[in-house]
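S.K.: Here you go, one structure.
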Amino acid sequence: MTGAGQGKGESGVGRAEVRVYNNSTIRGLAARAAGDLTAQGWTVADVGNYPCGTIPTTTVYYQEGTGQRADAEAIGAEFGMRVMPRFPGIAHASPGLIVIVTKDYRR
């Protein structure tokens, strides 16, 4: 990731990678959110769907004990997302932050 286009004046050094998954019936929503995150300087490592249950609101999930919480809170504040630790269904997913977007995602 380069320093250009960083959100909130941050350098981006040491930021967690982000994986963005769609949990709605809105086609392309995860790709749109990934583009929004990338435009603000976040590195998006994966985009796809999350079909394993219903998430009630767009949320950024972090791994506890990894130092990712600050990055998750930065995304949450910038994009108006709920911030939560990973739940059992994604606890052992690929490293980095996981953003699950729902029909309430707005940017």
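Just so you know, all these numbers are worked out from the coordinates, no wet-lab data involved. Bear in mind the structure is a predicted one, so any value in this text is a computation, not a measurement. Every residue, glycine among them, receives a Cβ derived from its backbone with ideal geometry; neighbour counts consider all protein chains shown.
S.K.: For Ala30, what is the net charge nearby, where nearby means another residue's Cβ is under 13 Å from its Cβ and Lys, Arg count +1, Asp, Glu -1?
M.R.: +3
S.K.: Net charge around Arg19, counting only other residues with Cβ within less than 12 Å of its Cβ (Lys, Arg = +1; Asp, Glu = -1)? Please report the intermediate quantities before stating the final value.
M.R.: Values: positive: Arg86; negative: Glu17, Asp46.
Cβ neighbours under 12 Å give a net charge of -1.
S.K.: Would you calculate a helix-derived [θ] at 222 nm for the chain, using -39,500 (n - 2.57) for each DSSP H run of n ≥ 4 and dividing by the full residue count, to the nearest 500?
M.R.: Here the helix-only value at 222 nm equals -6000 deg cm²/dmol.
S.K.: Between the DSSP loop rule and a limit of at most 11 other Cβ atoms within 10 Å, which GluC sites (Glu not before Pro) in the stretch 49-90 are left?
M.R.: Glu64
S.K.: Ok, one more. I'd like the per residue volume of the convex hull spanned by the Cα atoms of the chain, given in cubic angstrom.
M.R.: 89
S.K.: Taking K and R as +1 and D and E as -1, what net charge do the other residues with C-beta under 14 Å from the C-beta of Thr57 add up to?
M.R.: It works out to a net charge of +2.
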